[in-house]
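Laboratory data are not the source of any read-out in this text; all were calculated from the coordinates shown. All figures in this text were calculated on a predicted structure; none of them were measured in a lab. Ideal geometry is used to build each Cβ from the backbone, glycine not excepted, and the neighbour counts take in all protein chains shown.
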Ligand SMILES: [Zn+2]
């Protein structure tokens, strides 16, 4: 005889109680849309490895973002794609007042007052060597000057109007340095600091590097991004960045690292938790759907629902425009 408490189907026989089975419902405000802004002001260029995504010039931002804001887009994160600038050892073009990120922030702030604007902070798109910090003569990372430079860039993005700065470089100590810099300049209460805390050296970044032109000129990033198996190091990074003053903790990539998202919930229970469904995850879902392995929409939902189930409350995703259509 079946015991009464063994009945589970009674909670999922109808769409509404099925939705109640999740502890946190997916909503539009959870999605932060990564966008690529380039230095040709009229650009609107397809990125073949990221289906449906483009590099945009600042003159095209109104036609690009306007319809999404109408549908409920709450936030974007900007990535600069400089194609014409002179890159150097310290990433000087990162905070060029005439560069795509600073002009892009100003333009979006003026066009869409309700839109929350985050800026990715890194140097790799702007350094001649393509690494995320400054280098020693032997090609290794020179950590402390890198941190100083990243803090300078973050402050300049905040001054331009960014509501949030999000360092993705993985230098040691940059969260404390950026927080200090923001506070000292009077932006301590005006700018959120979202840390890419547990950022793994993943093979899922390929399409992004195509999009942003940020592949390193030599070597790789394994000396500063986390090894995929390094659960302990990820936990230490989360604890450290929480202590250094991060307002939001991020795990990147998302789907292969759900256990790390769950760890972050445990280690930083009082912080909002973000995860980045990266370019390769997005491209994989598109490729799988194209190959007939699954339905695109069903798989996109399954992927982000698993992130929310693991504990994420903010999802950076190239599926954001789709979810604005799919979610009511
Ligand atoms: Zn970088």
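Quick notes on this structure:
- With neighbours defined as other Cβ atoms within 10 Å of a residue's Cβ, the residues 119, 132, 85 order from fewest to most as 85, 132, 119.
- Annotation for residue 222 and residue 327: the two label points, set 7 Å from Cα along the Cα-Cβ direction, are 3.7 nm apart.
- Measuring nothing but how far apart in sequence close Cα pairs (under 8 Å, 6+ apart) lie, relative to its length, segment 35-189 scores a relative contact order of 20 percent.
- The calculated FRET efficiency for residue 140 paired with residue 86, based on their beta-carbon distance and R0 = 22 Å, is about 0.35.
- Once C-alpha pairs closer than 8 Å and six or more residues apart are averaged by separation and normalised to the residue number of segment 97-245, the relative contact order reads 24 percent.
- Residue order, fewest to most beta carbons within 10 Å, for 125, 281: 281, 125
- Annotation for segment 270-328 versus segment 4-60: alpha-carbon center distance of 5 Å.
- log₁₀ of I(q)/I(0) at q = 0.11, 0.15 Å⁻¹ - the chain, Debye sum with one point per alpha carbon: -0.68, -1.30
- DSSP beta bridge pairing in the chain, given as percent antiparallel to the nearest 5: 10
- Given their separation in residues at 0.36 nm each and the Cα-Cα distance between them, residue 291 and residue 14 gain 96.6 nm when the chain is fully extended.
- The alpha carbon radius of gyration of segment 94-213, expressed as a multiple of 2.2 N^0.38 Å, is 1.06.
- Summary value for the chain: 17 percent relative contact order, contacts being C-alpha pairs under 8 angstrom separated by 6+ residues.
- Kirkwood radius, segment 70-158, all distinct C-alpha pairs, inverse of mean reciprocal distance: 13.9 Å.
- Cα-based equivalent ellipsoid, segment 254-328: semi-axes from gyration tensor eigenvalues, Å: 24, 13, 10
- Helix-only arithmetic for the chain: the sum of -39500 (n - 2.57) across DSSP H runs with n ≥ 4, divided by the residue total, places the mean residue ellipticity at 222 nm at -11500 deg cm²/dmol.
- Residues 102, 249 arranged by fewest to most Cβ contacts within 10 Å: 102, 249
- For segment 66-100, the residues whose amide N sits under 17 Å from a probe point set 7 Å from the Cα of residue 54 along the beta carbon direction are 66-70, 79, 81.
- Calculated over segment 1-82, the projected area of the Cα convex hull averaged across directions stands at 8.7 nm².
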